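Q: I have a structure I would like to understand better, so I am pasting it below and will then ask my questions one at a time.
The values are calculated or read from the model by the stated rules, or taken from the named source; none is laboratory data. Note that the structure is predicted; figures quoted are calculated from it, not measured. Note that we place each Cβ from the backbone using ideal geometry, even for glycine, and neighbour counts take in every protein chain shown.
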Amino acid sequence: MKFMYYINNIIYVLTLVLYTTIIFGMYMQVLLGIVQVLFFLILLFNYGKFSKTIQLHLKVYGIITTAFLILFWSLVSNTSGSIIFFFVVPMLIGTYFTYIIYKLNQQVL
């Protein structure tokens, strides 16, 4: 769990820092999303070991991420998306997952 915690935090902070250049921040945001979804899938294998609170957070994260991906693909195909949807919402979802990993790291220690 510590590995996930540190890798997630490093990539998250790098994404925030690289948003000063906007374009590199967007690329890093894609990497952050991929890493967080992979970590989420790994956490699902250990789902039964977590507290009810963490399990609820993981369910909510899974639902939000799935809904976002469905909306993302529908907006991309219609090209009527907004900047908030493409940049702010993914970072909010990423922040929520960072919070989940933080809470999980506190419980494991």
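Q: Going by the conditions given, is LEU56 more than 12 Å from ILE101 (Cα to Cα), at pLDDT 95 or above and either in a helix (DSSP H, G or I) or not aliphatic (A, V, I, L, M) (or both)? Reasoning before the result, please.
A: Details: more than 12 Å from ILE101 (Cα to Cα): yes; at pLDDT 95 or above: yes; either in a helix (DSSP H, G or I) or not aliphatic (A, V, I, L, M) (or both): yes.
Yes; evaluated as a whole, the condition is true for this residue.
Q: Give me the residue from region 62-107 that is at pLDDT 95 or above, of a type in the set (Val, Ile, Thr) and surrounded by 14 or more Cβ atoms within 10 Å (Cβ to Cβ) and, out of that set, farthest from TYR47 (Cα to Cα).
A: ILE93
Q: Condition first: of a type in the set (Ser, Thr, Tyr) and modelled with pLDDT of 95 or more. Now tell me which residues in region 1-21 satisfy that. Walk me through how you get there before you give the answer.
A: Applying the first criterion (of a type in the set (Ser, Thr, Tyr)) to region 1-21 yields 5-6, 12, 15, 19-21.
Those that are of a type in the set (Ser, Thr, Tyr) and modelled with pLDDT of 95 or more: TYR5, TYR6, TYR12, THR15.
Q: Check whether at least one residue in region 22-38 is surrounded by fewer than 11 Cβ atoms within 10 Å (Cβ to Cβ), at pLDDT below 95 and assigned to a helix (DSSP H, G or I), and report yes or no.
A: yes
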